[in-house]
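Here's the structure, in structure tokens; my notes come after.
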Amino acid sequence: MAFQCQRDSYLQELDTCVVSCVPAELTLENNGKKEKLKGFNLKLKDTILFPEGGGQPDDHGTVGGVNVLRVLRQGPEAVHFISSALEEGQEVHIKLDWERRFDHMQQHSSQHLITALADTMFGYKTTSWDLGRQRSSIELDTATVKPGEMEALEAAVNEKIRAHIPVAVNLLSIDDPAVEKVRSRGLPDDHAGPIRIVDIEGVDANMCCGTHVSNLSHLQVIKILGTEKGKKNKTNLIFLAGNRVLKYAEKSYNIEKSLTALLKTGADEHVDAVDKLQKTVKRLQKSNLIILREMAVLIAQNFKNKPDRGNFFSFHKCNVFALLFPDSGDWRDTVIFLTVGEEKGAGLFLLAGPENIVTEVGPRVSELLQGKGAGKTGRYQGKANSLVKRAEAEALLKEHSCKLTTGEE
């Protein structure tokens, strides 16, 4: 069965009725974390909401005023996941998120066009593709592309767009001899019904379930951003089509304006200006490190020269804390506690001194700082997830440093 969205990709609203609505769960990924939502799987007599398939994401929209969170294909049927139930047999009105749909149509039809001409012009076969949120990619079955090929391909696809070439959708039975002549990467195991062929007149005929433009002119423009090394001797072609090109141009222009204001140079000089800034920063960082080292040595010497310096030294917010003390016998009678980071945030810590004290207290200091550490031969260091209890750790170390004066073990 072909859904209404496949018969007419431009239809934005539809009246239909509920076939079934049963309780279900949906797993969604949000910022890398998976969460389970309880709701209902809804089947309709027909739909204009495209179910995920053919490399194309599913549509968004509403059914009877209820938001549709996911549309998946199950054999010949489309299953809509919704948050609240609808009555079986109920008449409902579907509204499509047209902006999302038309974007998918532009990217998907562009993929067909690029794939066809990459094969015709250079013999590069498409092995897979991805319709991304910001940009799309086509995996070409070649380890490399030659200089100038992508520019020639971009010129060719945009020439086809300017030629106003029509795009038709034909339905064929699976045993029709014409099926053997079309480009295809195979059918899903649960495919049912006629075969759907997307035909770009005189350019390409491809087996596909997705939604497409009816004329290449609706693609507006295609921009091939470049290529990247793919997996297993493949090359990924990165492209934008239609409204995405306009948005990309607007974003690039705004970035260009901002950089011009910050760098006080014209757009053609931005790269050189940033290069000069980076070199200047590296020189300043090197000079700063030298100064910090000298400061660290002075701080350490100042502590050593104090007649009443005691057996405990604590220092916070020194960027080169590991340089504050030399690894020599001069410090064996002193417990040293050094930390870097925000006072109530994460940071680093280092503990040094008599091996018996460091071995005993190191893990306890790490626990107080909610961190992880390790060490040997009188040194214990690690990452602190929170320096809130630094004062408590310091008090603990002071208590143990007193044993050095009293001679306690």
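The values are calculated or read from the model by the stated rules, or taken from the named source; none is laboratory data. Just so it is clear, the model here is predicted, and its values are computed rather than measured. Every residue, glycine as well, gets a Cβ built from its backbone with ideal geometry; the counts of neighbours run over all protein chains shown. The protein model used for the area step is the full one, side chains on, heavy atoms only, and it has no ligands, DNA or RNA in it. Shrake-Rupley method; radii C 1.70, N 1.55, O 1.52, S 1.80 Å.
Short version: ³J(HN,Hα) in whole Hz for each residue of the range 207-220, in order, from phi by Karplus 6.51 cos²θ - 1.76 cosθ + 1.60 (θ = phi - 60°), x for Gly and Pro, what are they?
In residue order, the calculated couplings are 6, 7, 9, x, 8, 9, 5, 8, 8, 4, 4, 6, 6, 6 Hz.
Compute the helix-to-body angle for 243-263: its Cα long axis versus the longest principal axis of the chain, expressed 0 to 90° and rounded to tens.
On a 0 to 90 degree scale, this one is about 30.
Rounded to the nearest 10 Å², what accessible area does Leu292 show when all protein chains are kept and the probe is 1.4 Å?
We get 30 Å² for Leu292.
In terms of modelled amide H atoms, which long-range or inter-chain residues lie less than 5 Å from the amide H of Gln90?
Long-range HN contacts for Gln90: Val18.
Quick one: how many Å² of Thr16 are accessible to a 1.4 Å probe, rounded to 10?
Estimated to the nearest 10 Å², Thr16 gives 10 Å².
What number, in percent, do you get for the relative contact order of the range 4-96 if the mean sequence gap of Cα pairs under 8 Å and at least 6 apart is divided by its residue count?
That works out to 35 percent.
Mind jotting down a quarter of the surface of the convex hull over the alpha carbons of the chain, in square nanometres, one decimal?
30.6
Under a Cβ-Cβ cut-off of 12 Å, what is the net charge of the residues other than Pro57 that fall near it, where Lys and Arg count +1 and Asp and Glu count -1? Can you show the working numbers first?
Values: positive: Arg70, Arg100, Arg101, Arg133; negative: Glu52, Asp58, Asp59, Asp97, Asp103, Asp130.
Net charge around Pro57: -2.
Could you let me know the centre-to-centre spacing of the range 143-174 and the range 234-253, using Cα atoms, in angstrom?
When both Cα centres are located, 16 Å separates them.
How high is the relative contact order of the chain? Use alpha-carbon pairs under 8 Å, at least six apart in sequence, and give a whole percent.
10
Anyone know which of Val297, Val182, Val22 comes out most mobile in the 10 Å Cα GNM of the chain?
Maximum among the listed residues: Val297.
Mind checking the per residue accessible area of the chain for me, 1.4 Å probe, whole number of Å²?
Value returned for the chain: 57 Å² of accessible area per residue.
Could you work out what % of the accessible surface of the chain is carbon and sulfur, using a 1.4 angstrom probe and leaving DNA, RNA and ligands out of the count? Don't jump to the answer; show the numbers that get you there.
Working: 11740 of 23160 Å².
So the carbon and sulfur contribution to the accessible surface is 51 percent.
Between the range 193-233 and the range 339-409, how many Å separate their Cα centres?
Using only Cα atoms, the two centres lie 62 Å from each other.
What's the angle, to the nearest 10 degrees (0 to 90), between helix 98-122's Cα axis and the longest principal axis of the chain?
80
With the contact rule set at Cα under 8 Å and sequence spacing of 6 or more, what percent relative contact order holds for the range 203-357?
This gives 11 percent for the range 203-357.
Order Glu149, Glu52 by their accessible area, 1.4 angstrom probe, all chains in place, largest first.
Glu52, Glu149
Can you sort Lys276, Lys383 by solvent-accessible area, 1.4 Å probe, largest first?
Correct descending sequence by accessible area is Lys276, Lys383.
Taking the Cα atoms only, what angle lies between the long axis of helix 355-368 and the longest principal axis of the chain, rounded to 10 degrees?
Between helix and principal axis, roughly 40 degrees.
Residues with amide H under 5 Å of Thr142's amide H, sequence separation 5 or more or different chain, H placed in the peptide plane at 1.01 Å from N; which?
Thr235
Return the long-range amide H neighbours of Leu225 (sequence gap of 5 or more, or a different chain), with a cut-off of under 5 Å between placed amide H atoms.
Here Ile238, Phe239, Leu240 satisfy the definition.
Under a 1.4 angstrom probe, counting protein chains only, how are Leu216, Leu298 ranked by accessible area, largest first?
Leu298, Leu216
Which value, in Å² rounded to 10, gives the accessible area of Cys17 with a 1.4 Å probe and all protein chains present?
Approximately 30 Å² of Cys17 is accessible to the 1.4 Å probe.
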